[in-house]
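Heads up, the thing below is written out as structure tokens.
The values are calculated or read from the model by the stated rules, or taken from the named source; none is laboratory data. All values derive from a computational prediction rather than experimental measurement. Here the Cβ positions follow ideal geometry from the backbone for every residue, glycine too, while neighbour counts run over all protein chains shown.
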Amino acid sequence: MLEFSFWDILSNLLLAARWTVLLSVIAFVAGGLAGLLVLMARVAPVPPLQRLAKLYIELFQGTPLLMQLFIVFFALPLVGIETSPWTAAALALTLFTSAYLAEIWRGCVEAVPKGQWEASASLAMGFSEQMRWVVLPQALRIAVPPTVGFSVQVVKGTAVTSIIGFVEITKAGTMITNATFQPFLVYGLVGLLYFALCYPLSLSAKALERKLNVAR
Amino acid sequence: MSLVKLSGIRKSFGSVEVLKGVDMTVREGEVVAMIGRSGSGKSTLLRSVNGLERIDAGVIEVDGECVDPGQIDLRALRLKVGMVFQQFNLFPHLSAGENVMLALKVVKRMGKADTRAAAEQALARVGLGHKFDAYPSQLSGGQQQRVAIARSLAMQPKVLLCDEITSALDPELVNEVLSVVRKLAEEGMTLILVTHEMRFAREVCDQLVFMHGGRIIEQGPPVALFDRPSTPELAQFVGMVEAR
């Protein structure tokens, strides 16, 4: 039987961690862009758009990420769209992230005083001009800490993609455990790797919060 | 010639009717103060002139631009009507100059040099030409309110609405704002003010409008209204104010 050294285990997990990081980055960036669109729809003065965005947000907040992943992975092929674990994982996490970010940012937009909307409206600005030049720049300051904080959820969320066979840290951990029969060591390392990814994000969220609080 | 014409304005908040059919005209160059107790509907009426309060019935006409309750696009109206608020509402992330320039740039799409020149001129008009690069948080309340006035003026509105613009100021800062308003009045700007500064109203305004219970119940030249109120409500209001 093959022997696995500690270094073998760790190096394989680290290689798999690349995919966790890449998937997180894709989900966060694409989810952020999509989330911005959902946010605009959510706060636009157009009631049907608001309702649609609200439904979207509640749908993704009200169902487990795992179910969303299954639906994307198993349902899309039924309608003739072939998905690899990669695309299914990226798509499901993007949708999930966009819904949460839109809701976080909506809170930030609503924290901007009503007088800012009224003053810009009085200057004949339309909704998109108000958002672009007056409201979003102010909401952004408030939004940075919770947004960075949420990125931790995205990183941890990538773990469920192991279920559909996407090889990131968790899946790699399972595979290595099956070969080495050392679950405690392997999953311990997996946990540490997640912590190493997430803890700096949490710390920077806290630091940003302090910094932005001082600035205003 | 009438510049602003309000006819049959009605507005309810839930089951409370705050404007019960208000008619009012303001001629070009006229300075009109709306007075009355809080809850009389004067602020709501003022805010309906530029569409910040959606009216339930009636027509608002400003310089040929008509708005009725069904109107969605208020841009044309708001280009003719400037507004200054009690809480200044400057954009805190922009400097004084940028506050003034923003709408010139994104609404009027003026060129860079023109925008800058117009903003400098507007700030100079309120005596703050030297504060172009200062941020709102670095300015006193009175200075912030003057920047807000400059921001509205730069858009070259036909009429300027002032909603209790000195009420949030410390007493020693009230006069610098009022003297700017007085200067605008002398220059022929059409102004509609909601104010509690009765002495100012008396000295500067051409017309006084007394609102009570969602209606205009008296209007006319300030001296006549203050000295010979013809309704008990106004008599009581004047007595109350002068007793202060």
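Observations on the model:
- Candidate set from the stretch B:47-63 (those that are in a loop (DSSP other than H, G, I, E, B) and within 13 Å of chain A (Cβ to nearest Cβ)); member that is nearest to the chain's Cα centre (by Cα): B:Asn50
- Members of the stretch A:187-216 that are within 17 Å of the chain's Cα centre (by Cα) and farther than 17 Å from A:Ile9 by Cα: A:Phe195, A:Leu197, A:Cys198, A:Tyr199, A:Pro200, A:Leu201, A:Ser202, A:Ser204, A:Ala205
- Scan of the stretch B:25-42 for residues that are under 15 Å from the mean Cα position of the chain (by Cα) and surrounded by 20 or more Cβ atoms within 10 Å (Cβ to Cβ), ordered by number: B:Val26, B:Glu30, B:Val31, B:Val32, B:Ala33, B:Met34, B:Ile35, B:Gly41, B:Lys42
- Helices (runs of 4 or more DSSP H) within the stretch B:122-224 that include 3 or more residues farther than 25 Å from A:Ala124 by Cβ: B:171-186, B:198-204
- For the stretch B:116-158, the set of residues classified as away from chain A (no Cβ under 14 Å), closer than 30 Å to B:Gly64 by Cβ and among the polar types (S, T, N, Q) consists of B:Gln121 only.
- One residue stands out among those in the stretch A:86-137 that are closer than 27 Å to B:Ala76 by Cα and hydroxyl-bearing (Ser, Thr, Tyr): the one that is surrounded by the fewest Cβ atoms within 10 Å (Cβ to Cβ), which is A:Ser128.
- For B:Thr44, the conditions (1) without any contact (Cβ under 8 Å) to a residue 40 or more places away in the chain; (2) within 11 Å of chain A (Cβ to nearest Cβ) are fulfilled apart from (2).
- Some residue of the stretch A:43-50 being more than 14 Å from chain B (Cβ to nearest Cβ) and loosely packed, with under 14 Cβ neighbours inside 10 Å: yes
- Matching option when the condition is within 14 Å of another protein chain (Cβ to nearest Cβ), of a type in the set (Ser, Thr, Tyr) and in contact with a helix residue (DSSP H, G or I) (Cβ under 6 Å, 6 or more places away or on another chain), among A:Ser120, A:Ser24: A:Ser120
- Unique match (being surrounded by 16 or more Cβ atoms within 10 Å (Cβ to Cβ), over 25 Å from B:Leu104 (Cβ atoms) and out of contact with any strand residue (DSSP E or B) (no Cβ under 7 Å at 6 or more places or on another chain)) among B:Phe200, B:Phe210: B:Phe200
- Residue in the stretch B:181-193 that is touching a Lys or Arg at 6+ places or on another chain (Cβ under 7 Å), under 27 Å from B:Leu3 (Cα atoms) and modelled with pLDDT of 95 or more present: yes
- Any hit, the stretch A:157-171, residues being within 14 Å of another protein chain (Cβ to nearest Cβ) and in contact with an Asp or Glu (Cβ under 9 Å, 6 or more places away or on another chain): no
- Remark: A:Val79 matches the filter, which requires a residue to be modelled with pLDDT under 95 and exposed (fewer than 12 other Cβ atoms within 10 Å of the Cβ).
- Across the stretch B:64-108, the number of residues qualifying as out of contact with any strand residue (DSSP E or B) (no Cβ under 8 Å at 6 or more places or on another chain), in a loop (DSSP other than H, G, I, E, B) and within 11 Å of another protein chain (Cβ to nearest Cβ) comes to 12.
- Residues in the stretch B:159-169 that are of a type outside the set (D, E, K, R) and within 13 Å of chain A (Cβ to nearest Cβ) were compared, and the one that is surrounded by the most Cβ atoms within 10 Å (Cβ to Cβ) is B:Ile165.
- Taking the criterion of being on the phi > 0 side of the Ramachandran plot, crowded, with 19+ Cβ neighbours inside 10 Å and without any contact (Cβ under 8 Å) to a residue 60 or more places away in the chain, the only residue of the stretch B:63-122 that qualifies is B:Asn89.
- Among the residues of the stretch B:106-136, the one identified as of a type in the set (S, T, N, Q) and closer than 14 Å to B:Ser95 by Cβ is B:Thr115.
- B:Val174 meets each of the listed conditions (1) within 13 Å of another protein chain (Cβ to nearest Cβ); (2) crowded, with 16+ Cβ neighbours inside 10 Å; (3) over 22 Å from B:Ser2 (Cα atoms) apart from (1).
- Subset tally (residues that are buried (at least 20 other Cβ atoms within 10 Å of the Cβ) and not in a helix (DSSP H, G or I)) for the stretch A:138-174: 2
- Scanning the stretch B:131-169 for residues that are within 29 Å of B:Gly39 (Cα to Cα) and charged (D, E, K, R) turns up B:Arg146, B:Arg151, B:Lys158, B:Asp163, B:Glu164.
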